[in-house]
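Here's the structure, in structure tokens; my notes come after.
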Amino acid sequence: MSIRQRTTFRFSEDGDDSGPVLDEQEQEELINDLRQHSEVRNAQYVLLLQVLIAVSVILQLMYLFSGTRESPFVAILLPEATPSKPIPASTLFIAISLFLHANLSLSFLSQTHMIRRSVSSTFGGHVPLRYVFLFVASAIAPLLSSVLWQSWADLLWWSTTPCLVYFMYSAQCWFDEEAEAIRGLEKMRYDAKGA
């Protein structure tokens with residue numbers, strides 16, 4: 001007596017019917033595997049992004065507490081240049097930048113994270129802020145630096161926060177696209193009775 005496995009009929013316009021037909025359990029296992037790999041990879045990327053934010057915060061604090069208010073980029077890229085005058089209200093712009101960094105860090109914590117929930121409840125659910133606001137708030141200092149004709153190293157320094165905001169926005173979009181792709185796979189499940 002031979003055992004015969006039943007497979008479902010699949011119509012293909014090309015006549016190519018290669019590839020396995022997965023039953024419901026196999027589909028569920030595949031989607032769960034993809035979701036787990038995505039979560040592990042995203043957790044690693046979030047850790048890397050948090051480290052990047054921390055390094056940027058350290059540089060911002062170094063600038064804030066330096067007596068000369070010379071940007072780290074000027075010290076590294078133009079060591080023999082005479083220090084340029086800092087932009088007006090540079091302390092305010094550093095404070096805004098540090099606030100934006102904290103906001104970016106919060107945006108990469110999960111919705112259920114204790115810190116994010118407590119900060120969000122303190123500010124009535126308005127934190128983390130939308131990226132549009134972050135882009136506008138971070139663009140004021142480099143614009144002022146450009147208008148005041150500061151050195152390119154100073155302009156580069158003041159542009160680090162908008163670049164970081166854009167980088168974090170791109171990473172968030174990538175995370176969202178990956179989550180949407182997995183949800184799309186869940187919607188594409190098919191009924192393969194007898195497969």
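Per-structure values
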item: Karplus-derived 3J(HN,Hα), 6.51/-1.76/1.60, for each residue of segment 85-97, Hz, glycine and proline x; result: 6, x, 5, x, 6, 4, 5, 5, 5, 5, 4, 4, 4
item: Packing-based ranking, highest mean first, of 150-157, 106-113 given that Cβ atoms within 10 Å are counted; result: 150-157, 106-113
item: Cβ-based charge dipole, segment 107-186, positive-most Cα from 175, 157, 137; result: 137
item: Value of D in µm² per second that Stokes-Einstein yields for segment 88-174, Kirkwood Rh from Cα pairs, at 37 °C (0.692 mPa s); result: 237 µm²/s
item: Solvent exposure, largest accessible area first (probe 1.4 Å, DNA, RNA and ligands not counted), of 130, 117; result: 130, 117
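The values are calculated or read from the model by the stated rules, or taken from the named source; none is laboratory data. Bear in mind the structure is a predicted one, so any value in this text is a computation, not a measurement. Note that each Cβ is placed from the backbone with ideal geometry, even for glycine, and that neighbours are counted across all protein chains shown. Note: accessible area is taken over every heavy atom of the protein model, side chains too, but ligands, DNA and RNA are not part of it. Shrake-Rupley method; radii C 1.70, N 1.55, O 1.52, S 1.80 Å.
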